[in-house]
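*Asks:* Provided herewith is a single structure, encoded as structure tokens, for subsequent inquiry.
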Amino acid sequence: MIKFSQVSKKFTIPPSRNSHTLFRAISRGMNNPSARKTILALDKVDLCISRGEILGIIGPNGSGKSTLLRIIAGIYKPTSGVFQVEGAASSLQIKISFFPDLSIKENIFLFGAIRGFNRKEMGRRFDKIINLSGLNEFVNAEARVLSEGMGDRLAFAVSVETARDILLLDELALAGDSKFRGKCCKIVLQLKKEQKIVILASHDLEVVSELCDNTLLLNKGKVIAFGKTKEVVNRYLKLLET
């Protein structure tokens with residue numbers, strides 16, 4: 001289960017550092033905390049997600065989608081409010097960087113070790129990862145030969161096969177041709193059957209409508225709507241028209 005109660009996240013941005021002298025920097029408030037700009041990325045968010053649920057997160061750029069995912073993943077701590085995350089979260093919100101000098105196979109086992117899986121456990125998952133990513137012919141090739149799309153497919157395959165309780169996905173996770181997207185959707189639905197939580201932050205309203213039970217609409221850090229996906233998507237479409 002994931003529960004947010006009045007969760008807010010603020011970021012502080014210091015003033016410009018293009019002053020040429022110490023005197024100018026001080027006179028312009030470089031060392032004055034009140035001169036720093038504060039951005040409220042999330043504003044008193046309430047949210048509850050149960051096991052076996054697929055949640056969509058939608059909203060314009062800068063609405064707070066990535067910040068919310070990073071709090072769930074444990075990358076950010078909220079400025080205020082209370083949140084509870086039961087289980088381990090696997091995130092594909094931030095692109096996975098593979099080691100270019102290592103082979104695809106070596107990268108897969110290394111990433112598994114980072115996620116807490118031993119070699120035997122990753123060995124059982126290896127064929128599924130390769131088949132899903134479609135990289136059967138590149139198993140022993142160095143990761144540097146992968147195109148961006150191939151890297152995205154491999155990142156998704158490794159992430160879903162090492163997902164423990166919660167899988168966080170963003171737009172990149174469902175990138176690729178229609179065949180690969182179809183595979184992704186089937187796997188996400190399978191994770192739901194396994195009582196895992198999947199959270200998808202996306203601008204693709206068609207994919208969100210197809211996969212997600214409930215959806216959260218954010219705008220400027222605030223919750224605009226939360227509930228059944230069809231109703232929330234319609235609310236977002238109306239928001240875009242204004």
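The values are calculated or read from the model by the stated rules, or taken from the named source; none is laboratory data. Since the model is a prediction, treat every value here as computed from it, not as a measurement. Please note: Cβ atoms are built from the backbone with ideal geometry, for glycine as well, and neighbour counts cover all protein chains shown. To get the accessible areas, we keep the full protein, side chains included, count just its heavy atoms, and leave off ligands, DNA and RNA. Shrake-Rupley method; radii C 1.70, N 1.55, O 1.52, S 1.80 Å.
*Asks:* How many of the residues making up region 132-173 are in a helix (DSSP H, G or I) and within 21 Å of Ser91 (Cα to Cα)?
*Replies:* 20
*Asks:* For Gly112, state whether it is modelled with pLDDT under 90 and either open to solvent by less than 30 Å² (accessible area, probe 1.4 Å) or among the hydroxyl-bearing types (Ser, Thr, Tyr) (or both). Break it down stepwise before answering.
*Replies:* On the way: modelled with pLDDT under 90: no; either open to solvent by less than 30 Å² (accessible area, probe 1.4 Å) or among the hydroxyl-bearing types (Ser, Thr, Tyr) (or both): yes.
For Gly112, the condition - modelled with pLDDT under 90 and either open to solvent by less than 30 Å² (accessible area, probe 1.4 Å) or among the hydroxyl-bearing types (Ser, Thr, Tyr) (or both) - is not met.
*Asks:* Okay, moving on. Just the residues that are farther than 21 Å from Arg181 by Cβ and either open to solvent by 100 Å² or more (accessible area, probe 1.4 Å) or among the charged types (D, E, K, R) (or both), please, taken from region 227-239.
*Replies:* Residues satisfying the conditions are Lys228, Glu231, Arg235, Lys238.
*Asks:* Taking the condition of being in a helix (DSSP H, G or I), surrounded by fewer than 22 Cβ atoms within 10 Å (Cβ to Cβ) and of a type outside the set (Ser, Thr, Tyr), how many residues in region 58-70 meet it?
*Replies:* 1
*Asks:* Same structure, new question: From (1) at pLDDT 90 or above; (2) open to solvent by 30 Å² or more (accessible area, probe 1.4 Å), pick out the condition that doesn't hold for Glu171.
*Replies:* It is condition (1) that Glu171 fails.
*Asks:* On the basis of being touching a residue at least 12 places away in the same chain (Cβ under 8 Å), farther than 20 Å from Lys186 by Cβ and aliphatic (A, V, I, L, M), does Val145 make the cut?
*Replies:* Against the criterion (touching a residue at least 12 places away in the same chain (Cβ under 8 Å), farther than 20 Å from Lys186 by Cβ and aliphatic (A, V, I, L, M)), Val145 does not qualify.
*Asks:* Separate question: Is there a residue being in contact with an Asp or Glu (Cβ under 9 Å, 6 or more places away or on another chain) and open to solvent by less than 40 Å² (accessible area, probe 1.4 Å) anywhere in region 134-144?
*Replies:* yes
*Asks:* Just one of the numbered conditions (1) modelled with pLDDT of 95 or more; (2) at positive phi is not true of Gly74; which one?
*Replies:* (1)
*Asks:* In the set Asp46, Asp127, Asp101, which member is outside any loop (DSSP other than H, G, I, E, B), touching a residue at least 12 places away in the same chain (Cβ under 8 Å), out of contact with any His (no Cβ under 9 Å at 6 or more places or on another chain) and acidic (Asp, Glu)?
*Replies:* Residue meeting the stated conditions: Asp46.
*Asks:* Let me ask you something else. Working only within region 202-215, note down all residues that are in contact with a Ser or Thr (Cβ under 7 Å, 6 or more places away or on another chain) and either within 19 Å of Leu42 (Cα to Cα) or open to solvent by 100 Å² or more (accessible area, probe 1.4 Å) (or both).
*Replies:* Thr215 - this is the single residue of region 202-215 that is in contact with a Ser or Thr (Cβ under 7 Å, 6 or more places away or on another chain) and either within 19 Å of Leu42 (Cα to Cα) or open to solvent by 100 Å² or more (accessible area, probe 1.4 Å) (or both).
*Asks:* Sticking with this structure for a sec: Could you tell me whether region 174-190 includes any residue that is modelled with pLDDT under 80 and of a type in the set (A, V, I, L, M)?
*Replies:* yes
*Asks:* Quick check on region 1-37: of everything there that is hydroxyl-bearing (Ser, Thr, Tyr) and modelled with pLDDT under 90, which residue is nearest to Val188 (Cα to Cα)?
*Replies:* Thr12
*Asks:* Right, next: Inspect all residues belonging to region 216-226 and state whether any of them is outside any helix (DSSP H, G or I), more than 21 Å from Phe117 (Cα to Cα), open to solvent by less than 60 Å² (accessible area, probe 1.4 Å) and without any contact (Cβ under 8 Å) to a residue 40 or more places away in the chain.
*Replies:* Checked region 216-226: at least one residue is outside any helix (DSSP H, G or I), more than 21 Å from Phe117 (Cα to Cα), open to solvent by less than 60 Å² (accessible area, probe 1.4 Å) and without any contact (Cβ under 8 Å) to a residue 40 or more places away in the chain.
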